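**Q** Encoded as structure tokens, here's the structure I'll be asking about.
The values are calculated or read from the model by the stated rules, or taken from the named source; none is laboratory data. Computed from a predicted model, the values in this text were never measured in an experiment. Heads up, the Cβs are rebuilt from the backbone with ideal geometry, glycines too, and the neighbour counts pull from every protein chain shown.
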Amino acid sequence: MMTRMARKPSNLIYGIEDQPSLATTLILGLQHIFILSIAFIFPVVIVGEIGGTPNDAQNLICMAMLATGFATMIQSVNRGPIGSGYLCPLVNGPAFVPASLLAGKAGGLALIFGMTAFAGLFEVLFSRLVPRMRKFFPPEVTGTVVLMVGVEVIPIAIPKFFGVDQAHPAIHPLSLLVAVITLMAMAAFNVWGRGKLRLYSLLIGMAIGYAVSFGCGLLSMENIEVITSSPPFRVPQVGRFGISFDLALAMPFLVAALSSALKTMGDLTTCQKINDADWKRIDMISISKGLLACGAGNIASGLLGALGQSVSSSNIGLAIATGATSRRIGYAAGGLLMLLAFFPQLAAIFVIMPTPVMGASLIFAVCFMILAGIQIITSRMIDARKTFVIGFSMIFGLSFDFIPGLYAGLPPTWSSLFSSSLAVATICAVSLNLLFRLGVSKRAKLQLQPGVDSSQAIFEFMEKQGGAWGARKEVIYNAIAALNEMLEAAEIIGIKDKVEVDVQFDEFNLDARASYRGEPFEIPRMPPASMAEDRTAPLHLAAYMIGRYADRVAFSSKDGMTELLLHFDH
């Protein structure tokens, strides 16, 4: 079976198959690393919580660079059994933080690494099952997950943007000034910039943010000394802390891996959509290969001595914002990240990033992720069932952040399932989708009477079924128009009895079979030459329009009964 070539969207400067120059590729890869570096805060937090040293944290960051660089590169591979083929960088994200803290307090860094590898193995096994699970992840589920992926970053980004931390519990004016200038610079170069200015809008904005931070005193000479005091070259200490396992921690890490996998599915769905102007549905084979790459990345993280990782939604948002999604950028970002692990001085540039610059960068990228989720949700028709799937999932997902500690009293087994707003929303969306699928038939029937205006009945019938099925709007509206033309043609050729319409749907096809007592009529390739002079023109026009609305039209006759098949590709 041949794979359809994706049509490059007009808003992309460099599409997935394009090959920017080497210099452009390296600069764009570096821009992605600046976003990835924000997540280096998680190794620092975990080491601090379990009583580790600053040297432990620095080594953990170097291992993170190696592991995430490797995983980012294999994720970009588009040939063979592994890799989605998209620019989809990985990062030490928050999905594994709660489980890692449990493991760290129980058995130190060695136990974190062992359980991370165990979680990676689970992701590998899960990736093999995904192609058979399309029905569990319709657009309202994946779109909600993508939307909540963006929303989940807001509680991290907003405090940084306003300069709120333990030292400054209230809004810090200088930090806010730096954040506003940085964000406005990024937005300005992205909106009004052309060519390279738009491509490098985040990098330019961050450079302005660094400069303003230095001028305001938020970036001091002590921060600069972090760079100068670091050794220019050092081989990372792979496997320094060893590796161990504890089955008692299997459940928290399985839940973290599942949450990470579902988040990855949502992110990869976004990648598919932004790289294909004609996107219609999820390519589950690509998703499976992408999940396999994530699983391999987590196994590598555990063996090398790094934290669990998942796809970085912020980087996908950056790719959308800059209009550069070439997979070559993924190779560059991954390769540069692995190289930086050997050069602590260069890596320190990212470590000293001013907090308000971090906040502005995250907000800039997250805007595009939230909008991508909305677009995936609205790509299909929505009825009451889907409204509840989306609405309930978002409400309970947001409750995690709106009411801190709400789920803290749950038993340990359950609390790991409700460890973040994304986890809560994902569990709700998948569960409610299964519940509300009950009672939905993929087949429906309608009776129509020629000579009677049935346009409203056809519209209401198809609208109701399209919403229940989650069909694309344009396909349903084409079917409505074709059925109206069919009824008009039936009246013209003298059909008196009722027309039975049987409509059947699956993810790839919508078929409407209209049965009536009478003869078939011709479906012309050209419209009538003159409506005024040709008596057969009304039938000719109606039949011609049927052929225009439907992707395929076929007649079959038996015992005086005719069946007209109207097929629509979905």
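**Q** Considering only residues that are of a type in the set (Gly, Ala, Ser) and either out of contact with any Leu (no Cβ under 8 Å at 6 or more places or on another chain) or surrounded by fewer than 18 Cβ atoms within 10 Å (Cβ to Cβ) (or both), look in segment 22-48 and name the one that is farthest from Ile316 (Cα to Cα).
**A** Taking the candidates together, the pick is Gly48.
**Q** Identify the residue in segment 123-147 that is surrounded by 19 or more Cβ atoms within 10 Å (Cβ to Cβ) and aromatic (Phe, Trp, Tyr) and, among all such residues, is modelled with the highest pLDDT.
**A** Filtering segment 123-147 for residues that are surrounded by 19 or more Cβ atoms within 10 Å (Cβ to Cβ) and aromatic (Phe, Trp, Tyr), the one modelled with the highest pLDDT comes out as Phe126.
**Q** Of the conditions (1) surrounded by fewer than 13 Cβ atoms within 10 Å (Cβ to Cβ); (2) part of a helix (DSSP H, G or I); (3) hydrophobic (A, V, I, L, M, F, W, C), Ala408 clears all except one; give me its number.
**A** (2)
**Q** Shifting gears a bit: Can you pull out every residue in segment 53-91 that is among the β-branched types (Val, Ile, Thr), more than 15 Å from Gly297 (Cβ to Cβ) and touching a residue at least 60 places away in the same chain (Cβ under 8 Å)?
**A** Ile61
Okay, residues lined up against (1) over 22 Å from Met5 (Cβ atoms); (2) surrounded by fewer than 24 Cβ atoms within 10 Å (Cβ to Cβ); (3) out of contact with any Pro (no Cβ under 8 Å at 6 or more places or on another chain):
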residue	(1), (2), (3)
Lys273	no, yes, yes
Asp283	no, yes, yes
Gly290	no, no, yes
Ile299	yes, yes, yes
Gly317	yes, no, yes
Ser326	no, no, no
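**Q** Next question, about the same structure. Among Glu507, Glu533, which is the only one that is closer than 27 Å to Pro138 by Cα and either at pLDDT below 95 or β-branched (Val, Ile, Thr) (or both)?
**A** Criteria check complete, one pass: Glu507.
**Q** OK, next. Which numbered condition trips up Leu483, out of (1) modelled with pLDDT of 95 or more; (2) in contact with a helix residue (DSSP H, G or I) (Cβ under 7 Å, 6 or more places away or on another chain); (3) within 23 Å of Thr387 (Cα to Cα)?
**A** The number of the failed condition is (3).
**Q** Quick one: is Pro94 more than 26 Å from Leu362 (Cβ to Cβ), in the same structural domain as Lys273 (by TED's automatic domain parsing) and under 24 Å from the mean Cα position of the chain (by Cα)?
**A** So Pro94 fails the test.
**Q** Select from segment 95-115 the residues that are crowded, with 24+ Cβ neighbours inside 10 Å and either closer than 23 Å to Ile35 by Cα or touching a strand residue (DSSP E or B) at 6+ places or on another chain (Cβ under 6 Å) (or both) and list them in ascending order.
**A** Once the filter is applied, which keeps residues that are crowded, with 24+ Cβ neighbours inside 10 Å and either closer than 23 Å to Ile35 by Cα or touching a strand residue (DSSP E or B) at 6+ places or on another chain (Cβ under 6 Å) (or both), segment 95-115 yields Ala95, Phe96, Ser100.
**Q** Those residues that are farther than 30 Å from Thr116 by Cβ and β-branched (Val, Ile, Thr), I need them from segment 1-54; list them, please.
**A** Thr3, Ile13, Thr24, Thr25, Ile27
**Q** Can you go through Leu197, Leu219 and tell me which one is surrounded by fewer than 21 Cβ atoms within 10 Å (Cβ to Cβ) and free of Cβ contacts under 8 Å to residues at least 12 places away in the same chain?
**A** It is Leu197.
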